[in-house]
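What follows is one structure encoded as structure tokens, with my remarks underneath.
What follows is calculated from the coordinates using simple rules that are stated; it is not laboratory data. Fair warning: this is a prediction, and the values are worked out from it, not measured in the lab. Here the Cβ positions follow ideal geometry from the backbone for every residue, glycine too, while neighbour counts run over all protein chains shown.
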Amino acid sequence: MRRTDMDDYRPRPGTLVEFELTARGPAVPHGIPPSLIQQGHMRLAGENRAAGVRQSPWVAHAFNVPGRADVTAMSAALRDFVAAHDSYRAWFEHGGEGGFTGWGYPADAIRVAPREAGEFTDSVALRDHLHASIDAGTIPHSWPVCVAGVILRDEFSTFYLAIDHSLSDGFSMALLFAEMRARYDGHRTGTPVEFGATDEMLMITAREHKRVAELTTDSPEIVAWREFIEAGGGRLPSFPADLGNPSGGLVPAKRLETEIFGEAGGARFRDHCRARDGGFAGGVFAALAHAQREADGTELYRVLTAVTTRTKDRGLRTQGWLINLVPIMIDTRGDFDELIPKAHEAFKRARTLAQIPLHAVIAMLASDGESLSIPPMVSYVNGRGLPGAADYTACDARLLPGPDNAADVSMWFNWMPDYVNVVTQLPDTPEASATAPPHLARVVETIRAAGQ
């Protein structure tokens, strides 16, 4: 599934139909505070909004369906989807002293009605309309929290949906692709599909709050985090070169997409790493550690990586923001092949910390008067086994991130059925544009050489 910045998105013109979500009956308070990562996002988004900072703090997804879409069937599919996932039926109002009050609608209250928004003959004008409507309609403090519609054409139609990032993530968008297609096809053919039970986002959040309340400074997870932070002199990791951002604050960002392999290269790279007691992820982190050793001579590579907090049974279909950042430390002494097993074991250890949110760690370990800001991260996603992944290219399935801000460099490595790529986000400064791409090129060169 490709990532295309909304500013670069050029949907083919067509007739735009927007879906209006309403609910029958009163909202019900649910009494569950947002998760810690949600709270951090909501507060930052609110501060940016108040300061007039350009932002698009949402996640969006678009994909094609054959022919001129059946709008009635698509409306019914969206209604069923929203009814099935509480992250689309719940929201959090600002309360006193920075708190939040949670509200939601029951599943049977949801209604969806299509509304024609006009015929668009220009791709840029259509994109601008979508962008503006998404910016205006994805605020997590009122309902509805999402924006959805379909662009009708005779050859194919494009469904799109966007929701505030505090209520969803990229993995959820990938799951939406398969579920919405199945629900649409079911209603279109008169055989609506039924999905099995799944954990609700609010239930998962309540369990997180319970885990956090039970943490102490002697909890094994906190001890592991303390060792990670102390290994960096009390600081979280940062990019090993000047980015032209001395304050370390958020500045406008830009993204770079680099193709690493075609369809077969990913398997060759995995096999290379397996032969050295590692795996694909271990190879990626070994390449990163090797590049940093070359850049600054460090003997200890530290990085945060994004991992899912989903359970393997009832959580695989859950829609919500279900990721965490966990710490990886790798001894960089040795050549690339020697780093692979070290990185593999470090990644395995890091994943055991997935259920303890980074925000709780920072709150517990930051010294009095000190603030440990959320640092850059590296993400690795093996998307080949996700539902419907084989159809991503044929359906032109895309994640559509909006303009963003960055303080440092983050990377997303993606192994999809027909390609491997890395998306890099960096501050949009002359210094970052000069230092980050060569560093990334060294990482990519190492991975490509191992996958030949």
Between region 60-84 and region 169-224, how many Å separate their Cα centres?
20
Cα-based Rg and Dmax for region 2-191, where Dmax is the largest Cα-Cα distance (Å):
16.7, 53
How many angstrom lie between the Cα centre of region 1-41 and the Cα centre of region 277-350?
31
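With only Lys, Arg, Asp and Glu charged, each at its Cβ (+1 for the first two, -1 for the last two), find how big the charge dipole of region 217-450 is about the Cα centre; round to the nearest 20 debye.
Numbers: 23 positive and 29 negative charges, 150 e Å.
Taking the Cα centre of region 217-450 as origin, the dipole is about 720 debye.
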Between helix 36-51 and the chain, what is the angle of the helix's C-alpha long axis to the longest principal axis, kept within 0 to 90° and rounded to the nearest 10?
80
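When only C-alpha pairs under 8 Å and at least 6 residues apart count, what is the relative contact order of region 262-416, in percent?
On the way: 197 pairs, mean separation 36.6, N = 155.
RCO, region 262-416: 24 percent.
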Tilt relative to the chain, helix 71-84 - C-alpha long axis, 0 to 90 degrees, to 10
50
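Rounded to a whole number of µm²/s, how large is the Stokes-Einstein D of region 128-279 at 4 °C and 1.567 mPa s, given Rh as the Kirkwood radius over C-alpha pairs?
Numbers: Rh = 21.7 Å.
Reported coefficient: 60 µm²/s.
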Convex hull of the chain built on C-alpha atoms - directionally averaged projected area, nm²:
21.9
Report, in whole Å, the centroid distance computed from the Cα atoms of region 86-127 and region 387-452.
30
Angle between the Cα long axis of helix 430-450 and the longest principal axis of the chain, 0 to 90 degrees, nearest 10?
80
For region 353-452, report the translational diffusion coefficient in µm²/s to the nearest whole number, using Stokes-Einstein at 4 °C, 1.567 mPa s, and a Kirkwood Rh over Cα pairs.
78
Dividing the convex hull volume of the alpha carbon atoms of region 217-450 by its residue count, what do you get in Å³ per residue?
140
